[in-house]
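Derivation of every value follows stated rules applied to the coordinates shown; laboratory data play no part. The structure displayed is predicted, hence computed values, not measured ones. A quick note on method: Cβ atoms are made from the backbone with ideal geometry, for glycine too, and the neighbour counts reach across all protein chains shown.
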Amino acid sequence: MSSASFTYSSVTLKYVTESDIADVQNILDHAAYYHTTIVQTSPAGLAERCFHAEAPKLKDSRVFKRFLLVTDSALSPAPVAAVDLFVGFPNYKTASIAMCVIREDYQRKGLGTKLLTAALPAYLRENHPAVEQLSVSLTENNIPALRCLLKAKYEQTNRWEKLNIQNKPVIALTYKRNVRLESPIS
């Protein structure tokens, strides 16, 4: 990102700085379903851990970590979502969403769809033009996110991973969308 933020329509993506960690933690603290059902752990300290996490290392490729605070001026002047994005992972043509959390009081208002079909693809087209696909992996029990991805016209890939969350086997499925698609879903 050439500057600290990127705006597409009413959605602004801003690089998370150390002074934004409290805002990110506030979003995570107001996403109880994500923590109790999906990752099954407390959100305590998660913003700090995400901020300091390093991008994966790939041989012969550079991966960019983009930890973003999301504001939608149509919903609130305050940040309402956080996205942890790895550009160039698992290959230079792909950006992978490691985490996308929207405050529960702002869910089901269209932000997820705007973010996944318009704002993030526009950001990637402008700032990372080699990227062609936006990839999202989600656990099979994340029904709200699955509904959002299907509404946003993401396609299920044949990639999956078996995870162990709190000593329970969970399958994570990967979905993708071409970021070159110019027609956002409304």
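A compact table of results
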item	result
Interatomic Cα distance distribution for the chain, bins of 10 angstrom, percent	9, 38, 41, 11, 0
Kirkwood Rh and Cα Rg combined as Rg over Rh, evaluated for the range 1-77	1.01
Along the chain, longest interval not containing exposed GluC sites (Glu not before Pro), exposed being DSSP loop plus at most 11 other Cβ atoms within 10 Å	55-181
Loop trypsin sites (Lys or Arg not before Pro), the range 142-182, which have at most 14 other Cβ atoms in a 10 Å radius of their Cβ (DSSP)	180
Nitroxide proxy distance, nm - points 7 Å out along Cα→Cβ at residue 5 and residue 55	2.3
Sequence-distant residues sharing a close amide H with residue 67 (under 5 Å, placed H)	16, 85
Under 11 Å from the residue 172 label point (7 Å along Cα→beta-carbon), backbone N, the range 62-97	97
Rough spin-label spacing in nm, given labels placed 7 Å along Cα→Cβ, for residue 127 and residue 140	3.5
Rel. contact order, % - alpha carbon contacts under 8 angstrom, at least six apart, the chain	19
For residue 160, residues with placed amide H under 5 Å, excluding near neighbours	none
Total lysine pairs whose alpha carbons fall under 18 Å of each other in the range 5-178 (8 or more apart, or interchain)	14
5 angstrom amide H check on residue 152, placed H, neighbours 5+ away	none
Sparse-neighbourhood loop sites, trypsin sites (Lys or Arg not before Pro) in the range 1-88 - DSSP loop, at most 15 other Cβ within 10 angstrom	57, 59, 62
Fraction of the pair-distance distribution of the range 44-129 above 22 Å, Cα-Cα pairs, percent	31
Over the range 1-90, relative contact order from alpha-carbon pairs under 8 Å, at least 6 apart, %	30
CD proxy at 222 nm, helix term only [per DSSP H run n ≥ 4: -39500 (n - 2.57); per residue of the chain; nearest 500]	-5000 deg cm²/dmol
